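The values are calculated or read from the model by the stated rules, or taken from the named source; none is laboratory data. In this text, all values refer to a predicted model and were calculated from it rather than measured experimentally. Note that we place each Cβ from the backbone using ideal geometry, even for glycine, and neighbour counts take in every protein chain shown.
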Amino acid sequence: MASPVGSGGRARQPSLAQLRAFVAVAEQLHFREAAAEIGMSQPALSGAVSALEEALGVQLLERTTRKVLLSPAGERVAARARTVLEAVGELMEEAEAARAPFTGVLRFGVIPTVAPYLLPTVLRLVQETYPELDLQVHEEQTPSLLDGLAHGRLDLLLLAVPLGVPQITELPLFDEDFVLVAPKDHWLGGRDDIPRQALKELDLLLLDEGHCLRDQALDICREAGREVGAPVTTSAAGLSTLVQLVAGGLGVTLLPCTALRVETGRNDQLTTGYFADPVPSRRIALAMRGGSARQREFEEFAAALRVALRHLPVRIVDGPSAAVSCRRRLLGP
């Protein structure tokens, strides 16, 4: 392999295109799939990786007729190349934020138990207040969103907190209560004083694993003294399916207030009940990388979103005047 030293005696520096090509191959371990991922032709991708190997003077890949493997040097270089590309991305974000806030692309991640109920408000806010902002929405579960934020694939998240993740800054928006949803004529239907202990004896239906709402429901059950170690025999991928299972008489479930009207309004075989104080609840927030170049922009966005969300049955976190119960906002005084 050629030495990475040019005619002037200095080592040749790799280009960003070469690093992107190599990182794509390192992640896919397949030239065709890597080329498709970054929008480059396969011959150009192969040439870029070969040029990087020549520039560095090390073999990064082990190529066979069937597969591609990283060499030991390739594994080390791949980790460093990812860091370089992330730093370059942050540099571009810094420059873009300095030029004009609320312009350009905002890659916005949101969890499935929030997206259908809050996105209309978010989209309306962006269209009316930040028309130059190119909002790109990604609906994913919390672990995938956090991974995307950490690796620069996403810029800002809308999800349930606390996350307990270092280097992530949370911008709280509101707290919302949980409501019991049960089949029509259930003995707890219509009540506004349900003790948490009632959850110990109910057939509780949950979302599939990976949804933070599932974990929140299980935490509420643990606090009520319920044993939650037994396997769940029935679960759902989304809240709409979960509510239909309840309507079919398979059990009860817990819904956050923002989802209640949408998910229960289309089926007359459901009833709701409200918990006595202290009412189980969850907090929804925006989340960004700590020290993000767009921190001030995101903080302003959070403040505007709190105002826009005041029509919902939630408790906005920026002041006690908004601390209205879910039941009162949904049913009236």
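Only one of the listed residues (LEU204, LEU242) is under 30 Å from GLU139 (Cα atoms), touching a Cys at 6+ places or on another chain (Cβ under 9 Å), buried (at least 18 other Cβ atoms within 10 Å of the Cβ) and without any contact (Cβ under 8 Å) to a residue 60 or more places away in the chain. That residue is LEU204.
No other residue among ALA97, ALA73 is modelled with pLDDT under 90, surrounded by 12 or more Cβ atoms within 10 Å (Cβ to Cβ) and farther than 30 Å from GLY238 by Cβ apart from ALA97. Among the residues of region 221-236, is there at least one that is surrounded by 14 or more Cβ atoms within 10 Å (Cβ to Cβ), of a type in the set (Val, Ile, Thr) and touching a Ser or Thr at 6+ places or on another chain (Cβ under 7 Å)? No, the conditions are met nowhere in region 221-236. How about region 291-301: which of its residues are crowded, with 19+ Cβ neighbours inside 10 Å and outside any loop (DSSP other than H, G, I, E, B)? If the condition is that a residue be crowded, with 19+ Cβ neighbours inside 10 Å and outside any loop (DSSP other than H, G, I, E, B), then GLU297, PHE298, PHE301 are the ones that fit.
Of the residues LEU29, LEU56, the single one that is among the aliphatic types (A, V, I, L, M), loosely packed, with under 14 Cβ neighbours inside 10 Å and not assigned by TED's automatic domain parsing to the domain that holds ARG153 is LEU29. A count restricted to region 307-333 and to residues that are at pLDDT 90 or above, surrounded by 19 or more Cβ atoms within 10 Å (Cβ to Cβ) and in a helix (DSSP H, G or I) stands at 1. Criterion first (more than 19 Å from ILE38 (Cα to Cα), in contact with a Pro (Cβ under 8 Å, 6 or more places away or on another chain) and outside the structural domain of PRO256 (by TED's automatic domain parsing)) does VAL161 satisfy it? So VAL161 fits the description; yes.
Among the residues of region 128-149, those that are over 23 Å from ARG214 (Cα atoms) and among the charged types (D, E, K, R) comprise GLU128, GLU132, ASP134. Among the residues of region 118-160, what is the count of those that are exposed (fewer than 13 other Cβ atoms within 10 Å of the Cβ) and basic (Lys, Arg)? Adding up the residues that qualify gives 1. Scanning region 161-201 for residues that are among the polar types (S, T, N, Q) and not in a strand (DSSP E or B), which turns out surrounded by the fewest Cβ atoms within 10 Å (Cβ to Cβ)? The extreme case among them is GLN167.
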